[in-house]
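For reference, the structure discussed in these notes is given below.
The values are calculated or read from the model by the stated rules, or taken from the named source; none is laboratory data. As the structure is a computational prediction, the values presented were derived from the model and not from experiment. Glycine also receives a Cβ, built like all others from the backbone with ideal geometry; neighbour counts cover every protein chain displayed. Side chains are part of the model used for accessible areas, which takes the heavy atoms of the whole protein and leaves out ligands, DNA and RNA. Shrake-Rupley method; radii C 1.70, N 1.55, O 1.52, S 1.80 Å.
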Amino acid sequence: MAVCCDLEVDVNGEETFLLDKKIICSFSGRLSKLFDKSTNAKRNKVIFRDFPGGVENFELIARFCYNNGKIDINPSNVSLLYFAAQFLEMNNSVSGNRNLIEKTMKSIEEISYWTWSDLLATLKHCQDLQSSGIVERCLDSLVGRLAIPSEASPCASTSSLDSPGFWLSCDTRSTESLKHGFSQATWWFEDLSVLSPDMIEMLIKSMVSRKYNHVIIGRFLFHYQKSKFYTASPDEKHQVLKTVIDMLYTLDTNSISCKSLFRIYRVVLNLNISKNSRNKLECMIGSQLDQATLDNLLIPSPYGARYLYDVNLVLRFLKAFLCGGDRQVSPMRIKKVGSLMDMYIAEVAPDPCLKSSKFLALVVALPDSARDSSNELYHAIDIYFEVHAGLSDEEKMKICCALNYEKLSTEAGINLSQNAKFPSESAVQALISQQLKLKNLLRGTNNAKLYTNSPCNFIETKVKAKKDEACEPTLYSERLDISVDNEKLREHLQGMQCRVMELEKVCKKMQSERAKIMKSKAAAHRSSARSLPRLCS
């Protein structure tokens, strides 16, 4: 058969092929329809700007056509041939042979028999091509093979990414077995790290739908981000981060390491990622803020800001934490965050550029139940007042409203009452709170004495209690006028402080007397017990 060269094909501007138009058009529906409308020119020219697989793949297509529809189709070229066949609409059958689309589809149907390397090679070829059923089939086959070791674990989900033996049985105690199990669960990390972000997104969604271990998925995503950043361009880094954050957001929060999330966040600080991705990352960190450390929170303020640390970021973390996410905010978790925040507030308090409104937002962010003691918060406020000496009493009182004076120790309460940096109103409240605390303690001691005495001694005890009450120093009940001169107010406070000291002495004295009474009663009881047999005889 004579072969002519009446068709010129420019493939993506890389190379030009001279072909027999009749042979090519007999297989390609797209070219056949194109030349049906053309004139009988001696030579026609076609330019492809986006031919799948480029020059090498077009060469395979030409070979298929010139060999009358016969070509070796294998996992290394099936994806490229499939995309090219779709592009050229090669659904025409010649000489009874199947068309190229049918041939490639038959090969793809046998994907379950492909090796791991075949699947990986096919996915690499598909990365720059338009998505189709072949990509989904390859990923589905990959995930099916990855799920085998994970399904063997009765305790696959843990609360920490840092545990190396998360896929093994809970009864396994051998360190070597744990290491071996870890390597078995993560051997595929390097292989799949070569895939594009779009394919990684499809992969993770498939793994999640198959209920694959979220701990391993999270660990892979952190590994993927780190490995991709070595050679990625700025635009590629944006895409990688977006994909990693979006996929992490679909996982169970318990399966993600707080430490790793903060590492990702510090990377984000240097890249201008979308607000949506940043919000997702902050929400994930906030939901497990009780696992964070002070160093994690000390993130520098944004460029151009005068204050040292990003207080607004920490406030957003707190908001996300209190909202709860998919984890219950238990009292124990709230108290852990309360302790962490007290340390953070003390750390940012010396910043001369930190506005009182931001400091106030920090101290009132958590509920009162987050703190068993207000001592640390008091010391942090004390530091802030010392650095910001120009604050008005009104501004100071707004901040002091966050203090629970009842949760101040006696020492801290007395210290506050003498602290000239605090407003007079706050000092009065601190001392009154200490008075009430001691009065309640005193009242409790009296009640305990009354209830522990025997009935025959009740009258004697009541008389003694009246005598003690007559000797007891009266609490300072004079109503203070806050508007009086500060010097006069300080004198009042000193008087109140003396009475607090007296109350402490009285409490100690009464407790000592109570111990003596109990001791003598016990001795009398033992003596009466010894004399009982004599009376009976």
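Points to keep in mind about this one:
- Looking only at residues of region 408-431 that are open to solvent by 40 Å² or more (accessible area, probe 1.4 Å) and free of Cβ contacts under 8 Å to residues at least 40 places away in the same chain, we find that the one that is nearest to Asp342 (Cα to Cα) is Ser409.
- Subset of region 216-244 (residues that are without any contact (Cβ under 8 Å) to a residue 12 or more places away in the chain and either assigned to a loop (DSSP other than H, G, I, E, B) or crowded, with 22+ Cβ neighbours inside 10 Å (or both)): Tyr230, Thr231, Ala232, Ser233
- Selected residue (only one of Ile399, Ile414, Ile383 is under 22 Å from Gln435 (Cβ atoms), of a type outside the set (Ser, Thr, Tyr) and part of a helix (DSSP H, G or I)): Ile414
- Filtered residues of region 59-79 (kept if under 44 Å from the mean Cα position of the chain (by Cα) and more than 14 Å from Glu102 (Cα to Cα)): Pro75, Ser76, Asn77
- Region 245-318 holds no helices (runs of 4 or more DSSP H) entirely within its bounds that carry 2 or more residues that are over 30 Å from Val208 (Cα atoms), open to solvent by 50 Å² or more (accessible area, probe 1.4 Å) and among the charged types (D, E, K, R).
- Applying the condition of being in contact with a helix residue (DSSP H, G or I) (Cβ under 8 Å, 6 or more places away or on another chain) and β-branched (Val, Ile, Thr) to region 373-407 and asking which residue is surrounded by the fewest Cβ atoms within 10 Å (Cβ to Cβ) yields Ile383.
- Search result, residues across region 104-116 that are at pLDDT below 90 and assigned to a helix (DSSP H, G or I): Thr104, Met105, Lys106, Ser107, Ile108, Glu109, Ile111, Ser112, Tyr113
- Applying the condition of being in contact (Cβ under 8 Å) with a residue 60 or more places away in the chain and of a type outside the set (Gly, Ala, Ser) to region 319-337 and asking which residue is least open to solvent (accessible area, probe 1.4 Å) yields Arg327.
- Residue within region 399-409 that is out of contact with any Cys (no Cβ under 6 Å at 6 or more places or on another chain), at pLDDT 90 or above, of a type in the set (Ser, Thr, Tyr) and within 22 Å of Val348 (Cβ to Cβ) present: no
- Top-ranked residue in region 302-318 [being farther than 21 Å from Lys259 by Cβ and touching a Cys at 6+ places or on another chain (Cβ under 9 Å); ranked as modelled with the lowest pLDDT]: Ala305
- One residue alone among Leu360, Leu340 is at pLDDT 95 or above, under 17 Å from Leu289 (Cα atoms) and open to solvent by less than 60 Å² (accessible area, probe 1.4 Å), and that residue is Leu340.
- Of all residues in region 101-121, those that are without any contact (Cβ under 8 Å) to a residue 24 or more places away in the chain and open to solvent by less than 60 Å² (accessible area, probe 1.4 Å) total 2.
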